[in-house]
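Student: Structure below; questions to follow.
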Amino acid sequence: MSRVKTILQQGKVKQAVIDKFRENAADIVGADNISSGEIDLLSTCRDYWPISSIWMLEGAVPALPQLVVWPNTTEEVSRILALANEKKIPVVPYGEGSGALGGAVPLQGGIMLDLKKMNRARKLDELNQLVTVECGMNGALYEEYLNQNGYTGGHFPQSLRCSTVGGWLACRAAGQFSTRYGKIEDIVVSLEAVLSDGTIFSGRSVPRAATGPRADLLMVGSEGVLGVITAADLRIWPLPEKRHFATYTFDNLADGLEAIRKFIRAGTRPAVVRLYDAQETGNHFPELGDKRPGLILLFEGAEPIITAEAGVVDQIVSGQGAVDAGPDFVEHWLETRFNVSAASRLLQKGAVLDTIEVTTNWHNAHSTYQAMQKAILSEEGTMMASGHWSHVYPEGAALYMTVVGFPGENKIGYYKSIWRAAMKACLDEGAAISHHHGIGLHRGAWMEEEHGRGLEVLKKVKAALDPNGIMNPGKLGLEEVQQWEK
Ligand SMILES: Cc1cc2nc3c(=O)[nH]c(=O)nc-3n(C[C@H](O)[C@H](O)[C@H](O)COP(=O)(O)OP(=O)(O)OC[C@H]3O[C@@H](n4cnc5c(N)ncnc54)[C@H](O)[C@@H]3O)c2cc1C
């Protein structure tokens, strides 16, 4: 029995039921692949939700599971789920716990299904430019495997080194090169999954088919509440022949946004498009030094194509008043793009910090930034509310706000108040409440405002696929958000 304090635990399964499950599960995965050791429960009980990091520094966790199970195969996942379903034991799928919204918190105890041992590339299909990969494969190892074979997966979330392929699919992740390669939902062609009753099913990897709604793709973005994604067929690309870097600064953000809208409309697709407000430009690229919004661009692919793209983009941004700052800043960004150590240092100094990513159309891109920034800054204790746009589409772009506050003792109250302010501003502007971090536990409170009647449809899907409600209870805003309210 753990002595660690839990803050959000909503229940536990009777120990006798867990003991019996453990006995039966040992026949499925082997006794070595099941643990109730405190170190294993603590290492899988939470994700990177900032609130849980604050609690962790104070010696507490949101909730604890009762067992950790490590399946090796899809068949084992199926048998474990069927057993848990029979005994009505909650199951939380677990990748690497890099989720940002408390999605992996085992609110009702039960089992953490840690999928890291399902980490094989099953097939590299060079003719069709596809790879079949298991859900627990680490992101950096996945890209390394592809690179060794002359390919890239085109998917580089900042958490590449601490997230899994299954976690990407479960959360609708976005990588830094998404403007060219797309989000993970654009990269996945089909997937294999297991439902709560143990049913294994998969889609077919054909380019497109008019065969009704796709059952397998329903699992994309389901955050563990509908079942377990066990493998996927993902698009891959030959390693690019060439890269081209460019940096520009603008008089103001509106000009930068308009320039981006125009070059996307013209048909160019730089892999990386990142427009930072003046504050973030100063933080990331102090040598740019002139307190103006900065835009960094990375083009990659066949040389004649990217040379032409870069030319078109240069012409358009120049017409929007951009000043060319050369390629070096992109080199610097590439070198530092996975470094988040400043966040840990601030946390230890007593700061509350978080990132809030939303999706804007072009008509509300700038106004949503202004409204969210104003709303967050108006909360007492806020030191910084800055923003950038990345992940660009013909119809809009993702806005990513970074918040740092020093609220003193009432950190949780402050955290809730900045989120309330930010989500209200976002919804009032007509933006979507998340672009790629997903919903988890924390954002569930705004799902009804986001989806309207559509949330009822999602609840019906959940009830049909998981009638006993064992899959990751309390997430995605499908149930009452009890102990964690707005
Ligand atoms: C420093 C940092 C930077 C980040 N940068 C980005 C970024 O650039 N882009 C981005 O999109 N996100 C980013 N994130 C968020 C996070 O990395 C992603 O959400 C990632 O997809 C989660 O993967 P994971 O394997 O760690 O999943 P986990 O955190 O383990 O799980 C996340 C959720 O998915 C469910 N889940 C996990 N695996 C499966 C599965 N196989 N089947 C069904 N459900 C499953 C879990 O139950 C949970 O609800 C960042 C996070 C951090 C901490």
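The values are calculated or read from the model by the stated rules, or taken from the named source; none is laboratory data. This is a predicted model, so every value here is computed, not measured. Note that we place each Cβ from the backbone using ideal geometry, even for glycine, and neighbour counts take in every protein chain shown. Heavy atoms of the whole protein, side chains included, go into the accessibility calculation; ligands, DNA and RNA do not. Shrake-Rupley method; radii C 1.70, N 1.55, O 1.52, S 1.80 Å.
Student: Those residues that are open to solvent by 30 Å² or more (accessible area, probe 1.4 Å) and within 30 Å of residue 266 (Cβ to Cβ), I need them from the range 361-401; list them, please.
Tutor: 361, 362, 363, 366, 367, 370, 373, 393, 394, 395, 400
Student: Would you please list the contacts, defined by Cβ atoms under 6 Å and residues six or more apart or on different chains, that run from a residue in the range 215-227 that is more than 19 Å from residue 468 (Cβ to Cβ) to a residue that is near the ligand (Cβ under 8 Å from one of its atoms) and modelled with pLDDT of 95 or more?
Tutor: Matching pairs, first to second residue: 220/169; 221/172.
Student: In the range 311-360, which residues are of a type in the set (Ser, Thr, Tyr) and farther than 25 Å from residue 175 by Cα?
Tutor: Selection gives 318 alone.
Student: Check off (1) assigned by TED's automatic domain parsing to the domain that holds residue 18; (2) within 20 Å of residue 28 (Cα to Cα) for residue 136 and give me the number that stays unchecked.
Tutor: Only one criterion in (1) assigned by TED's automatic domain parsing to the domain that holds residue 18; (2) within 20 Å of residue 28 (Cα to Cα) is unmet by residue 136, namely (1).
Student: Now for a separate question. Hey, can you tell me all the residues within the range 406-420 that are free of Cβ contacts under 8 Å to residues at least 12 places away in the same chain and not in a helix (DSSP H, G or I)?
Tutor: Result: 409, 410.
The rows are residues; the columns are (1) of a type in the set (Gly, Ala, Ser); (2) part of a loop (DSSP other than H, G, I, E, B); (3) within 20 Å of residue 169 (Cβ to Cβ); (4) touching a residue at least 24 places away in the same chain (Cβ under 8 Å).
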residue: 88; (1), (2), (3), (4): no, yes, no, yes
residue: 101; (1), (2), (3), (4): no, yes, yes, yes
residue: 112; (1), (2), (3), (4): no, no, yes, yes
residue: 118; (1), (2), (3), (4): no, yes, yes, yes
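Student: Report the residue count in the range 306-323 for those that are closer than 16 Å to residue 267 by Cβ, open to solvent by 40 Å² or more (accessible area, probe 1.4 Å) and aliphatic (A, V, I, L, M).
Tutor: 2
Student: Could you tell me whether residue 128 is in contact (Cβ under 8 Å) with a residue 60 or more places away in the chain and in a helix (DSSP H, G or I)?
Tutor: no
Residues are listed down the side, and each one gets a yes or a no for (1) open to solvent by less than 60 Å² (accessible area, probe 1.4 Å); (2) touching a Leu at 6+ places or on another chain (Cβ under 8 Å); (3) of a type outside the set (Val, Ile, Thr); (4) in contact (Cβ under 8 Å) with a residue 12 or more places away in the chain:
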{"position": "27", "(1), (2), (3), (4)": "no, no, yes, no"}
{"position": "33", "(1), (2), (3), (4)": "yes, no, yes, yes"}
{"position": "45", "(1), (2), (3), (4)": "yes, yes, yes, yes"}
{"position": "57", "(1), (2), (3), (4)": "no, yes, yes, yes"}
{"position": "62", "(1), (2), (3), (4)": "yes, yes, yes, yes"}
{"position": "71", "(1), (2), (3), (4)": "yes, yes, yes, yes"}
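To keep it simple, each residue is scored yes or no on (1) away from the ligand (no atom under 13 Å from the Cβ); (2) open to solvent by 40 Å² or more (accessible area, probe 1.4 Å).
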| residue | (1), (2) |
| --- | --- |
| 170 | no, no |
| 174 | no, no |
| 185 | no, yes |
| 193 | no, no |
| 203 | yes, no |
| 212 | yes, yes |
| 217 | yes, yes |
| 220 | no, no |
| 225 | no, no |
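Student: Which residue, of 367, 344, 417, 386, is among the hydroxyl-bearing types (Ser, Thr, Tyr) and closer than 17 Å to residue 279 by Cβ?
Tutor: 386
Student: Looking at this structure, is residue 164 closer than 28 Å to residue 446 by Cα and in contact with an Asp or Glu (Cβ under 7 Å, 6 or more places away or on another chain)?
Tutor: Yes: the conditions hold for residue 164.
Student: Additional query: Under the condition of being among the aliphatic types (A, V, I, L, M) and surrounded by 15 or more Cβ atoms within 10 Å (Cβ to Cβ), which residue from the range 324-345 is nearest to residue 259 (Cα to Cα)?
Tutor: 325
Student: What pairs can you find where one residue is in the range 173-189 and assigned to a loop (DSSP other than H, G, I, E, B), the other is within 13 Å of the ligand (Cβ to nearest atom) and acidic (Asp, Glu), and their Cβ atoms are less than 9 Å apart, with a gap of 6+ or different chains?
Tutor: Final answer for the pair search is 173/185; 174/357.
Student: Same structure, new question: I'm trying to understand the selection: among the residues of the range 247-281, which are in a helix (DSSP H, G or I) and basic (Lys, Arg)?
Tutor: Answer for the range 247-281, where residues must be in a helix (DSSP H, G or I) and basic (Lys, Arg): 261, 262, 265.
Student: Can you tell me how many residues in the range 143-156 are within 11 Å of the ligand (Cβ to nearest atom) and surrounded by fewer than 24 Cβ atoms within 10 Å (Cβ to Cβ)?
Tutor: Selection size over the range 143-156: 1.
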